[in-house]
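For reference, the structure is listed below as structure tokens.
No value in this document is a laboratory result; all are computed from the given coordinates. Source: prediction; values computed, not measured. Reconstructed Cβ throughout: ideal geometry from the backbone, glycine too, with neighbour counts over all protein chains shown.
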């Protein structure tokens, strides 16, 4: 199980995500923005972590979606690789056009950092196998631009249980139709150890591991 | 300029226009600590000293921490003033070789000022350092002089700690980071005068770029890991002038600076402007000629500017060139040893009966929810419960608090300060911590008009630190917090760090009030023992200063799905009562007061 955590210059959850993946048993490497020979060949999972990719002075994720790494990320996903975008990573995926919709500034115009209650709507993606359908979970959010605006009918994976940022239909995370790309605003890596206040987020990484193992067995 | 006559005497001649500008900054209260230096010398200390204080968490890991104020800039330009306050103190911790791990803030306002909160939030959130604690005090007395004090904390492997000085002639100084512009010129002198003074314009305010700061953090830590950094100092007040002269003079060396090598944001800057610019997100690194190239490569990799701008020399002078033109040359010791004011003697009186003043405590959850307090995945006890508890991923823990009692220091600066330290110790003990050290930030009015109050505060800091056998490892003084000559209440902010062996989280159950309604210093030790006993038995403890202000606790428990319900508690403005969760026999007076459901 090999995972790469992309490090944009303004990423700040890269080390947290690395730590959570290690805890779950992944071999993890960083994929740095300054690495000219960057390649995702041989990786099972690529994660775009939270942060402020290129400073996000324009629109969150707008610059990141238009530079070299994203071309390789796109290629990786088109070949069926598992691609996970957390928070700013979700914003980047959206800017890249890999997931439908848009992420705008929170309804009240302020950054929000707290634990929120969620429900798992779809447990058939590689990222949610370990959950039950309809399972109620708690994960932290930390974002200023997390208000999901719907375009068409997205494949909703996570939904807030109450309105936290004004998202359409309280949507917190969506997957691509094929299921190999997931973007979500909450931070599963921050809920991967009991001492941090909860372990529901760890199940996202356990799901991926389970999926990769079963796929490996099939092959 | 204050001390102008002294300058003439020491130089033995008229200063040039450039020198006048340089000394105005270096001898400002902000850089020179003229009014507090002699008191600071008497404080109990440990270790090396430097950009920030260092205490040992265990045999492998050090904790680096310091508080700094950004009051004057935040009054004039709330957003950038507060943001750059965060950036500056983070770099102080970083310069010691530590990865910044936590921010705490102490805010005194007449109402919640959104611009300041957003300035702190946007900067801290972007650079990936969690804001894990703070205090928010509201009083009309801060209407014209809001106080913004920020404490930064970092951890480092002991062998990675970087000295804040050069060590030999022949070393060079690389300045790297963002580009240098005209922002913040004379920020230090502006911060040393009344807010209606001539320098109180927005031009004196620095502008922050958190994206550059994030890159600066990662680049600098890589340089430290690669063993390329022989000394470091961040560029803050006094910019290149202050950083290079201090790095040199602390080791009895001199320095030659080449201003044309500095990467400029505004190409038409005058040499003296380059020398004094307080542009943010810059760091000065002392290294060898051979390693300078590697340092520049790392800076470039992280998309930062970098240049070798100075070399250390044996001759004890500060010399600045622009191309081949000599811009300034003075004996370096004159520059870096500002005149100081003679300290007063202070003999404390009896502790007075304190009155309740118009300081209110608002719901702080509305503020800390705007701060990312979880990034880093090391926040074990989040904001809202007194002290924060952080972990090091090696399995060690430490507690952090920031605390002040301006309502008391206003009535009696000595005892108000003393009690602030007493209550800070309580807060750290309540989080399961053994206190390791203090950092302090004095916010004061005009020390020339009211020198005795400042003396009282400094003596109280010394006496209380000695009483608890705690070193004061770093500190900051913000004086001249006046508006049209009217001062703020003397406000002494104490930051404290403790080592935590066992983490205790709140559990539902009965809540007890333990201790005494009034205050008696001789009894404090009994209270401390009771708190430790409660903690050892696994009980959660909270130590509110004011029992009329439990709203932040209530809201914070609610965030974690718990409801705190306690009877109204009558207490003196200074009391010795704590809330104990689920344990009723601590050997001091206790009564059941409510429940956590």
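Going by a ≥ b ≥ c, the root eigenvalues of the Cα gyration tensor, does the protein assembly as shown fall in the rounded group (a/c under 1.5), the prolate group (a/b larger than b/c) or the oblate group? Can you show the working numbers first?
Numbers: a/c = 1.94, a/b = 1.17, b/c = 1.66.
Oblate, since a/c reaches 1.5 and b/c is not below a/b.
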Label point distance in nm, residue A:108-residue B:60, each placed 7 Å from Cα along Cα→Cβ:
4.1 nm
Cβ density ranking, 10 Å radius, fewest first, applied to B:111, B:405 yields B:111, B:405
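For B:314, B:407, which order do you get if you count the other beta carbons within 10 Å of each Cβ and list the fewest first? The partial results should precede the final answer.
On the way: B:314 11, B:407 23.
With the sparsest Cβ surroundings first, the list reads B:314, B:407.
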Among B:301, B:5, which comes first, second and so on when ranked by fewest other beta-carbon atoms within 10 Å?
B:5, B:301
Between residue B:449 and residue B:548, the FRET efficiency computed from the C-beta separation at R0 = 41 Å comes out, to the nearest 0.05, as 0.80
Once both labels are modelled 7 Å past Cα along the beta-carbon direction, what's the residue B:45-residue B:568 spacing in nm?
5.0 nm
Centre separation in Å (Cα based) which lies between region B:109-157 and region B:393-429
17 Å
What does the convex hull of the Cα atoms of region A:2-218 come to per residue, in Å³, rounded to a whole number?
109 Å³
Suppose only helical runs count, i.e. DSSP H with n ≥ 4. What mean residue ellipticity at 222 nm does that imply for the protein assembly as shown under -39500 (n - 2.57) per run, divided by all residues and rounded to the nearest 500 deg cm²/dmol?
-8500 deg cm²/dmol
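Pop the C-beta distance of residue B:167 and residue B:290 into the FRET formula with R0 = 22 Å and round what comes out to the nearest 0.05. Kindly include the intermediate steps, with their values, before the conclusion.
Details: r = 15 Å, r/R0 = 0.69.
E between residue B:167 and residue B:290, to the nearest 0.05, is 0.90.
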What average number of partner chain Cβ atoms lie no more than 10 Å from the Cβ of the residues making up A:108-114?
6
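Assuming a ≥ b ≥ c are the square roots of the Cα gyration tensor eigenvalues, decide whether region A:167-219 counts as rounded (a/c under 1.5), prolate (otherwise, with a/b larger than b/c) or oblate.
Numbers: a/c = 3.92, a/b = 1.17, b/c = 3.34.
The shape class here is oblate.
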Normalised by the residues of region A:2-218, what does the relative contact order come to in percent, with Cα pairs under 8 Å and at least six apart?
19 percent
Report the Cα-based extents of region B:33-100 along its three principal axes, largest first, to the nearest Å.
43, 32, 14
In degrees from 0 to 90, rounded to the nearest 10, what is the angle of the helix B:210-225 Cα long axis to the longest principal axis of chain B?
80 degrees
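For an R0 of 60 angstrom, estimate the FRET efficiency from the Cβ-Cβ distance between residue A:194 and residue B:4 and round to the nearest 0.05.
With a Förster radius of 60 Å, E is 0.45.
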Under the rule a/c < 1.5 gives rounded, and otherwise a/b versus b/c splits prolate from oblate, where does chain B land using the Cα gyration tensor?
prolate
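Please state the relative contact order of region B:1-155 as a whole percent: Cα pairs under 8 Å, 6+ residues apart? If you can, show how the numbers build up before the last one.
Details: 250 pairs, mean separation 40.2, N = 155.
Value for region B:1-155: 26 percent.
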Roughly what angle does helix B:114-127 make with the longest principal axis of chain B, taking Cα atoms, 0 to 90 degrees, to the nearest 10?
70 degrees
0 to 90° range, to nearest 10: angle between helix B:524-536 axis and chain B longest Cα axis:
80 degrees
